[in-house]
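Notes for the one structure printed next.
The values are calculated or read from the model by the stated rules, or taken from the named source; none is laboratory data. Only a predicted model underlies this, so the values are computations on that prediction, with no experimental measurement involved. Cβ: placed from backbone, ideal geometry, glycine included. Neighbour counts: every protein chain shown.
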Amino acid sequence: MERRKFVIGAGALLSGSAAAVGTGALSEADIDRTATGEIVGDSTAYIKLRSYGENSEFSSIESGQLVLDFAKETSSPGPTDGQGLNADSVNHFDGVFRIAAQDNGGAFDVWLESNDPRLSFYWSSKKTGATTQGNSVRLNVDGNTNVDVGVKIDLNDVDNPQSVLTGNDDFTIHADDADGGSGGGT
């Protein structure tokens, strides 16, 4: 037998046995899996979104999605009408929309997440942040059935407010199963 063929064969045999024995101590694995899902209408969803509250004029449901629009003209109490947001300001809008539990769901921990650091959310009644799972509110039909959401828009150091939050600023409303399962984002 040629020495060269023997060395190659022995190397293949050793690497094969090492893979077969293994230690069982897995630190990390990246495994691709597929999943399917379905978006359902509010009537069969676990939670429902709707414009609600003292500033609900800035929210609407369009094509099944919650849309926030703070650039439109509003008629607020006072001698002038407002339109848009001020430059170099921090704006808080209590009660822009409501998240409500549906009868067909269980208990869900709800919080919101924005992809833009200038846009954040808070629970209107508590005046506290709603943008982390640690600040979530539990919703269910037997207890706390809904929560009103306020919107904070931070335009500090922005001279032209029309240049930020231009329509591609998505946010996610998370509804995580409080009973141990996974709800996911809405």
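The single condition from (1) within 19 Å of the chain's Cα centre (by Cα); (2) closer than 17 Å to K48 by Cα; (3) small (G, A, S); (4) surrounded by fewer than 16 Cβ atoms within 10 Å (Cβ to Cβ) that G134 fails is (2). Contact map, the stretch 113-133: residues that are farther than 10 Å from K152 by Cα paired with residues that are in a loop (DSSP other than H, G, I, E, B) and among the small types (G, A, S), Cβ distance under 8 Å, separation 6+ or inter-chain. Pairs shown: W123/A130; S124/G53; A130/S136.
Across the stretch 111-130, the number of residues qualifying as in contact with a Phe, Trp or Tyr (Cβ under 6 Å, 6 or more places away or on another chain) and surrounded by 20 or more Cβ atoms within 10 Å (Cβ to Cβ) comes to 2. The test for being β-branched (V, I, T), more than 16 Å from the chain's Cα centre (by Cα) and at pLDDT 90 or above does not hold for V110. A residue that is modelled with pLDDT of 85 or more, part of a loop (DSSP other than H, G, I, E, B), exposed (fewer than 13 other Cβ atoms within 10 Å of the Cβ) and in contact with a helix residue (DSSP H, G or I) (Cβ under 9 Å, 6 or more places away or on another chain) cannot be found anywhere in the stretch 54-66. Under the condition of being assigned to a loop (DSSP other than H, G, I, E, B), more than 17 Å from N144 (Cβ to Cβ) and touching a strand residue (DSSP E or B) at 6+ places or on another chain (Cβ under 6 Å), the residues counted in the stretch 96-130 number 1.
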